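Participant: Can you read through this structure? Questions will come right after.
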Amino acid sequence: MANTIFECKNVMKRFGGLIAVSIDSFAIPRHSIVSIIGPNGAGKSTFFNCITGFYQIDDGEMVFDGHPLKGRTIDQITRLGIARTFQNIRLFNNMTAIENIMVGQEPHLTSSPLGAIFGTRHTRGEEQAAEDEARRLLDFAGLRGKGDLLAKNLPYGDQRRLELARALASKPSLLLLDEPTAGMNPRETQDMTRFFRRLRDELGITILLIEHDMRVVMGISEYVTVLDYGQKIAEGAPQEIQKNPRVIEAYLGRGAMGEAGASAIAVEQPAA
Ligand code: ADP
Ligand code: MG
């Protein structure tokens with residue numbers, strides 16, 4: 001389907017005897033923001049690792065923009081247009097913010113960004129263009145003036161932004177964000193949520209979001225998919241998901257239903 005940027009069928013990932021992911025079908029409409037929620041250990045991050053080539057799936061098929069993904073490497077998948085951030089921040093701590101972003105550009109450069117950084121210059125023009133682009137991304141991500149700071153010296157919220165800028169440097173059309181607001185205060189979370197919307201509205205990027213903050217999920221997603229024990233147990237508009245008994249049960253434990261259940265995932269819509 002032309003309006004579907006990603007779809008998969010019967011995707012299975014095992015770790016020994018554990019079936020971490022077993023998703024019969026899942027699709028992402030182009031230019032949408034879709035959230036994946038579910039209890040800890042539901043298989044959310046593993047699913048991201050399967051899509052991005054960090055893990056090879058044991059069964060099933062995944063198609064991105066008409067390209068089958070099975071068997072492709074992380075780099076090949078990045079070059080096709082999928083980028084991601086990690087649940088636990090992964091930056092090069094002893095490199096500057098700009099250098100971290102330039103590493104993200106690598107799939108599109110003909111010369112090595114490490115060569116550009118460490119002085120074994122290959123293509124001076126390309127190097128300059130890459131750095132200009134990296135500075136533009138730095139500003140766009142809200143890190144203006146912080147480009148020459150080492151990643152490890154940035155405050156936590158800025159490190160999250162830097163990871164996003166690095167992901168954007170590979171020019172993705174689909175961006176996978178794994179708990180990007182974890183550990184952020186409400187103010188930072190709100191800024192971040194606005195930023196996601198800009199990525200979609202201004203850059204046309206489709207976003208798949210793993211998120212535990214229900215205010216973010218309910219406020220920003222067009223669709224929500226719920227995983228539990230590796231399987232999809234519900235899918236739909238945020239308002240429907242919030243009322244779904246299976247979802248409430250998954251969040252509260254087997255058999256714990258009722259008023260308290262509903263309020264655990266029911267949240268007020270944040271102001272736009
Ligand atoms: P979530 O992101 O939804 O919290 P995960 O995808 O991290 O869940 O984990 C899903 C299940 O797979 C968990 O039971 C976890 O312990 C297991 N798992 C994840 N990665 C590995 C791995 N590399 N080796 C073995 N088991 C794993
Ligand atoms: Mg996870």
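Participant: With θ taken as phi - 60° and the coefficients 6.51, -1.76 and 1.60, list the Karplus ³J(HN,Hα) couplings across the stretch 93-103 in order, rounded to whole Hz; mark glycine and proline as x.
Facilitator: 4, 9, 10, 6, 4, 4, 4, 4, 5, 5, 4
Participant: While we're looking at this one, here's another question. At 0.36 nm per residue, and after removing the present C-alpha to C-alpha distance, how many nm does the segment from Ala182 to Tyr229 gain when stretched out fully?
Facilitator: 14.8 nm
Participant: Pick out which of Glu133, Glu249, Glu202 has the largest mean-square fluctuation in a Gaussian network model of the chain, springs linking Cα atoms closer than 10 Å.
Facilitator: Of the options given, Glu202 has the highest mean-square fluctuation.
Participant: How much length, in nm to one decimal, is gained on full extension between Tyr156 and Leu18, taken as 0.36 nm per residue of separation minus their Cα-Cα distance?
Facilitator: Separation in residues times 0.36 nm, less the Cα-Cα distance, equals 46.3 nm.
Participant: Something else about it: Name the most mobile residue of Gly219, Gly125, Gly230, meaning the one with the largest mean-square fluctuation, in a Gaussian network model of the chain with Cα contacts below 10 Å.
Facilitator: Gly125
Participant: Check cross-link reach from Lys152 to the aspartates and glutamates: straight Cα distance under 17 Å, and skip same-chain residues fewer than eight apart.
Facilitator: Excluding near neighbours in sequence, the set is Glu99, Glu163.
Participant: Of all DSSP beta bridges located in the chain, what percent are antiparallel, nearest 5?
Facilitator: If I count the DSSP bridges inside the chain, around 60 percent turn out antiparallel.
Participant: Sticking with this one: Separation of the stretch 176-250 and the stretch 50-83 by C-alpha centroid, Å?
Facilitator: 22
Participant: What percent do you get for the relative contact order of the stretch 8-80 when only Cα pairs under 8 Å and 6+ apart count?
Facilitator: Relative contact order here is 32 percent.
Participant: Now for a different question. Show the residues, 5+ positions off or on another chain, whose built amide H is closer than 5 Å to the amide H of Val21.
Facilitator: For Val21, whose amide H was placed from the backbone, the distant partners under 5 Å are Lys13.
Participant: How do Lys13, Lys243 rank when sorted from fewest to most other Cβ atoms within 10 Å of their own Cβ?
Facilitator: Lys243, Lys13
Participant: Shifting gears a bit: Got the relative contact order for the chain handy, in percent, Cα pairs under 8 Å and 6 or more residues apart? If you can, show how the numbers build up before the last one.
Facilitator: Numbers: 495 pairs, mean separation 64.4, N = 272.
With pairs under 8 Å counted, the relative contact order is 24 percent.
Participant: Tell me what the chain gives for mean residue ellipticity at 222 nm when only DSSP H runs of n ≥ 4 count, each as -39,500 (n - 2.57), the sum divided by the residue total, rounded to 500 deg cm²/dmol.
Facilitator: My calculation for the chain gives -11500 deg cm²/dmol from helical runs alone.
Participant: Picking from Gln190, Gln105, Gln128, which is most flexible by a Gaussian network model of the chain using Cα springs under 10 Å?
Facilitator: Gln128
Participant: Continuing with the same structure: Taking 0.36 nm per residue of separation and subtracting the Cα-Cα distance, what length does fully extending Asp148 through Tyr55 add?
Facilitator: Here the answer is 30.1 nm.
A short reminder: the numbers here are calculations on the coordinates, not readings from a lab. Note that the structure is predicted; figures quoted are calculated from it, not measured. Using ideal geometry, Cβ is built from the backbone for each residue, glycine included, and neighbour counts are taken over all protein chains shown.
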